[in-house]
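Taking it in order: structure first as structure tokens, then the write-up.
The values are calculated or read from the model by the stated rules, or taken from the named source; none is laboratory data. All figures in this text were calculated on a predicted structure; none of them were measured in a lab. So basically every Cβ, Gly included, is an ideal-geometry build from the backbone, and we count neighbours across all protein chains shown.
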Amino acid sequence: MKSNAARGAVLGASVAIAMPVAFAAWATWVNPWFLDEPWLYATWILAPLASLGAVVGSRIGWAGKSIAVLGLECVIFVAASCWPKPEPIAVDLLMVGIDGATWDVIDRLDTPGIDGLEEHGQRWVLRSQQPMLSPIVWTTLATGESPAQHGIHGFNTQSTDCRSARIWDIAAESGRRIGIYKWLVTWPVSEPPTGGFMVPGWLASSPDTWPPTLSFIKEIELSARLKRQRVESTRPEWVLALTGIRGGLRFSTLLGAIQWRFVQRFGAPTDQERSWRLQLLRVQMDRDVFVASLHRYRPDLATFTMYATDALGHTHWGLMEDCTQQGCPPWSDAVPDAYRQADSVLAELVNTVTIDSAVMVLSDHGFTSASQSSVGQVVPLTDRLQSRMRADLGEVEVIRLGHKLTVTLLDKDTAGQRQRALRWLSGLIDSATGKPLYSVELLEDSEWTLGLTLTHARLDGRDLLVDTVGGDPMTDYLRLAEHHSGQHDEAGILLIRSPGLVNSGDVGEAELLDVAPTALNLMGLPAAHDMPGRVLVGAHLPRVGTYDHLVPSSSVDVPSGVVNEQQLRALGYIE
């Protein structure tokens, strides 16, 4: 009886794990990175099922060639775990964006990926420009031209609004294959003329990608928004998961998504915990899909952008500085976590390309503390101000950056709208002081943008309940801050490794306009005379006149949609 029970237990275990072992073998065959942590798969999937099968099998008394079957399954699983990963691929240039990254944080952390690049490259403080709105700055980086030239002025924008050629447009004309992953202002997408892939950034209004087989990653990112809009084509989560496995998603990433689902349903997470978990999980998913796409489409120019450092800087910077004692929640380290993750992803991407591939790491701006004190600190709100300005002045966009506001004027008669806006703002009076609520800054080289700063930086709750602004309650225009957080800073990062480049450490400052000419030269392509920036490294090729003939077409049919307002609110740009 004991012998039958033992044989039954072994056979029961082998039957129980037959499907998950076969699934692991299939997933590894279509996605060599799937079993990135086989012990996790064995612990979370195989061991519980094997135990359950053994109990059932021992009681039923199954018999047969149980040991041989179980042994074969173990061999299959070990073979899947040891499935070789593809060899590194050669690219002309790999550009890795770490949105909002600053050397101030990087230099305080253990970042072996960045340190390794610094040993064989050079680094700069990349000086950003006002207004430091991500769509504007990332387009300046991609075009090598100022906002006055490229025409991108705010968040509610799309790729067909760009009036300048981007570096991938220039690379494609030269016959290079491109792979652009989540660079801002790349929606709507179109098929690259030389092949490759394009996945738009978080401003995209729909999940369209090129090729369409990659749309699953945008569907996952936009899933809540698509459900609210009742988009009928939204696929079930299990279908997206299977499609994602074929597209590169790894087991550890899927396990993290499942764990988050349990926390979300049964753990009542706070907004700060939700943001921390989701931002890191999205970067993990993006890394998986990008690495697989690199090998599948083999681009000559590849870009990959991570946004968790910026997103968590907006919402968790104050926690990083204030919560130093024991007992703080795990998400108080959200900002350092985002930097460590970005460094780990960077290290993997560098190892995914050959040693003779040029690598550029950059951010659109840096980050700093919005305040050194949270007592009585007030935060400006955007919704009421924007609605009143639109009613009285025409189309405008109001965005919050830390404790300042940026107003983008969208009327065709920019000069006229600017004068009307200045008069209107001077008449928006704080009842407590008898003075305008905002002081206005005219931004240099940006006639379509106004910078607003609250004249009252500190109030108490009683002031908020009593004071009015232009007949509205003060609470429509500002609120007390729970804690200070981060805001954009001009000092971003730039790090370059290329063949023949001698390590000279920190070589000073660079400008946004220097990035595109340098990137083109690293690919062996000339910059244009209408790109005012310098070439920082590489051969200084003779410049051509212009690349204006490569400007994205504005005559194509553009799908309807608006900017991802939910994401803007989550990041604190609007409220």
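Is it fair to say residue 253 is surrounded by fewer than 18 Cβ atoms within 10 Å (Cβ to Cβ), part of a helix (DSSP H, G or I) and modelled with pLDDT of 90 or more? It is false that residue 253 is surrounded by fewer than 18 Cβ atoms within 10 Å (Cβ to Cβ), part of a helix (DSSP H, G or I) and modelled with pLDDT of 90 or more. For the stretch 260-301: of the residues being modelled with pLDDT under 85 and among the hydrophobic types (A, V, I, L, M, F, W, C), which is farthest from the chain's Cα centre (by Cα)? Selected residue: 266. Could you please let me know if residue 126 is under 23 Å from residue 301 (Cβ atoms), of a type in the set (A, V, I, L, M, F, W, C), outside the structural domain of residue 405 (by TED's automatic domain parsing) and crowded, with 24+ Cβ neighbours inside 10 Å? Answer is yes for this residue.
Looking only at residues in the stretch 524-575 that are in a helix (DSSP H, G or I), closer than 30 Å to residue 383 by Cβ and of a type in the set (D, E, K, R), the one that is modelled with the lowest pLDDT is 569.
Being crowded, with 23+ Cβ neighbours inside 10 Å, in contact (Cβ under 8 Å) with a residue 12 or more places away in the chain, within 22 Å of residue 197 (Cβ to Cβ) and under 19 Å from the mean Cα position of the chain (by Cα), is that true of even one residue in the stretch 315-329? No. Taking the criterion of being acidic (Asp, Glu) and within 33 Å of the chain's Cα centre (by Cα), the residues of the stretch 405-442 that qualify are 411, 441. Of note, residue 194 satisfies the criterion of being at pLDDT below 90 and among the polar types (S, T, N, Q). Among the residues of the stretch 172-202, those identified as closer than 13 Å to residue 301 by Cα and more than 23 Å from the chain's Cα centre (by Cα) are 172, 173, 174, 175, 176, 194, 195. One residue stands out among those in the stretch 403-416 that are buried (at least 20 other Cβ atoms within 10 Å of the Cβ) and touching a helix residue (DSSP H, G or I) at 6+ places or on another chain (Cβ under 8 Å): the one that is nearest to residue 379 (Cα to Cα), which is 405.
Residues in the stretch 400-442 that are assigned to a strand (DSSP E or B), modelled with pLDDT of 80 or more and not charged (D, E, K, R): 10 in all.
All conditions but one from (1) assigned to a loop (DSSP other than H, G, I, E, B); (2) at pLDDT 80 or above; (3) not basic (Lys, Arg) apply to residue 483; the one that does not is (2).
Yes/no matrix, rows are residues, columns are (1) among the small types (Gly, Ala, Ser); (2) loosely packed, with under 14 Cβ neighbours inside 10 Å; (3) modelled with pLDDT of 90 or more; (4) in a helix (DSSP H, G or I):
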position: 12; (1), (2), (3), (4): yes, no, no, yes
position: 19; (1), (2), (3), (4): no, yes, no, yes
position: 28; (1), (2), (3), (4): no, no, yes, yes
position: 50; (1), (2), (3), (4): yes, no, no, yes
position: 64; (1), (2), (3), (4): yes, yes, no, no
position: 71; (1), (2), (3), (4): yes, yes, no, yes
position: 78; (1), (2), (3), (4): no, yes, no, yes
position: 84; (1), (2), (3), (4): no, yes, no, no
position: 95; (1), (2), (3), (4): no, no, yes, no
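State which residue is surrounded by the fewest Cβ atoms within 10 Å (Cβ to Cβ) when the search covers only the stretch 153-165 and only residues that are over 19 Å from the mean Cα position of the chain (by Cα) and in a loop (DSSP other than H, G, I, E, B). Applying the filter and picking the extreme gives 163.
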